[in-house]
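Since the structure comes first, as structure tokens, the remarks are kept for the end.
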Amino acid sequence: MAERKTSTRRISTRKTSTRKTSTRKTRVPRKASARKSPAKKSAAARKRAPRKWSAHVTETSDALDLKDGVFKGRDPHKIALSLKHSAEQSRRKKGSAYQSAMSMLNFYINRAGHNLPASRLKTLNAAKGELRAVFGKEAED
């Protein structure tokens, strides 16, 4: 029979430090080649125009049936009258006519964001005041 060799382990006599170490692992940055590449789009997805959900909401909203170009006008009073007419005629609104009209005006202003020129913003904010006046509401302070 063959003789078995047993390994002998040396026990270290060196003292270990008593300093606490962090248990949290540090994050090692990945190489650029190790990152996942974005999924490739299908041919149909590349051809399709970008979706504009705010335009879709404006067109298909349950609140109002707006006239085309209602927000493009220069007269705040005409904008307010058009919104009031649309809100009163709509049978699909959930709130009052005033709430629906003001909501749609605010929606348009907020979605336009930084792309809205200062002159247009001034006109649309003036339309808010006109809308309050047309509906007989007091101005908010």
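Worth pointing out:
- Test: residue in the range 71-86 that is β-branched (Val, Ile, Thr), free of Cβ contacts under 8 Å to residues at least 60 places away in the same chain and farther than 22 Å from residue 55 by Cβ: no
- Only residues that are among the aromatic types (Phe, Trp, Tyr) and over 21 Å from residue 53 (Cβ atoms) were counted in the range 99-124, giving 0.
- Of residues in the range 116-133 being farther than 20 Å from residue 87 by Cα and of a type in the set (A, V, I, L, M), the one modelled with the lowest pLDDT: 116
- Complete set of residues in the range 66-77 that are in a loop (DSSP other than H, G, I, E, B), of a type outside the set (Gly, Ala, Ser) and either surrounded by 15 or more Cβ atoms within 10 Å (Cβ to Cβ) or at pLDDT 85 or above (or both): 66, 74, 75
- In this structure, residue 96 does not qualify as among the hydroxyl-bearing types (Ser, Thr, Tyr) and over 26 Å from residue 53 (Cβ atoms).
- Among the candidates 63, 45, the residue that is in contact with a Lys or Arg (Cβ under 7 Å, 6 or more places away or on another chain) and modelled with pLDDT under 90 is uniquely 63.
The values are calculated or read from the model by the stated rules, or taken from the named source; none is laboratory data. These numbers come from a predicted model, not from an experiment. Reconstructed Cβ throughout: ideal geometry from the backbone, glycine too, with neighbour counts over all protein chains shown.
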